[in-house]
Amino acid sequence: MKERNKRIIMIVFLVFALFAVGGKLLTSVDDNSSLSNSNSKNSQSQYTNQNYSEKHPGINITTENYKQYYEVKGFCDRVVDGDTIDVSGVGRIRLVGIDTPEREQSGYENATDFVKSKCLGKTVYLDIDDAKNKDKYGRILAIVYVDGYNINAELLKRGYAQILFIPPSEFDPNQWT
């Protein structure tokens, strides 16, 4: 009888462990809990389909106040190209609203080098697109802020990128130029 009880306890424990671990593994980036920030300033960092003006009424994100509105931050450990970076603990980020030259195209090195100089090895702050969180390749769509600068807008202003507006998006890159 004792042997049977031990087996039952072991089975119950294994089932519980599988549910606990499986739930963590299956949590996606779209889940609020995986992207929420413990920073109390960031209590608005919920994924909703609210448009940007409802989320931040009358607020223009500037170099002075961007930290108040970011949804997640992380360490940029790789720059893939001028409009794609990898952020530890978050994943692959596609800079929303812009398009930089691809490998073998003129301007690729300039755009990539600029993003490396601004992001690589630094903490980046991400304002994730609430209207559409990911692109067709599974990359998170976001504005990337570093040292008070909207990197997406800086790429446009410096001529390293072109506007690429794909609705739905809460961000209008035409306002950055």
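Highlighted here are the helices (runs of 4 or more DSSP H) found entirely within the range 33-147 that include at least 1 residues which are surrounded by 13 or more Cβ atoms within 10 Å (Cβ to Cβ) and modelled with pLDDT of 65 or more: 66-69, 108-119. Taking the range 134-163, which residues are touching a residue at least 60 places away in the same chain (Cβ under 8 Å) and over 20 Å from Gln175 (Cα atoms)? Result: Lys134, Ile140.
Out of all the residues in the range 121-133, which are within 11 Å of Ser169 (Cα to Cα) and either in contact (Cβ under 8 Å) with a residue 40 or more places away in the chain or acidic (Asp, Glu) (or both)? Steps first, answer last, please.
So the first thing to find is which residues in the range 121-133 are within 11 Å of Ser169 (Cα to Cα), and the list is 128-133.
Ile128, Asp129, Asp130, Ala131, Asn133 - these are the residues of the range 121-133 that are within 11 Å of Ser169 (Cα to Cα) and either in contact (Cβ under 8 Å) with a residue 40 or more places away in the chain or acidic (Asp, Glu) (or both).
Residues that are in contact (Cβ under 8 Å) with a residue 12 or more places away in the chain and under 20 Å from Asn150 (Cβ atoms) within the range 102-113 comprise Gly107, Asn110, Ala111, Thr112, listed in sequence order. Residues of the range 127-139 include none that is touching a helix residue (DSSP H, G or I) at 6+ places or on another chain (Cβ under 9 Å) and aromatic (Phe, Trp, Tyr).
The values are calculated or read from the model by the stated rules, or taken from the named source; none is laboratory data. A quick note: this is a predicted structure, and the numbers were derived from the prediction, not measured. Here Cβ is always computed from backbone atoms with ideal geometry, including for glycine, and neighbour counts include all displayed protein chains.
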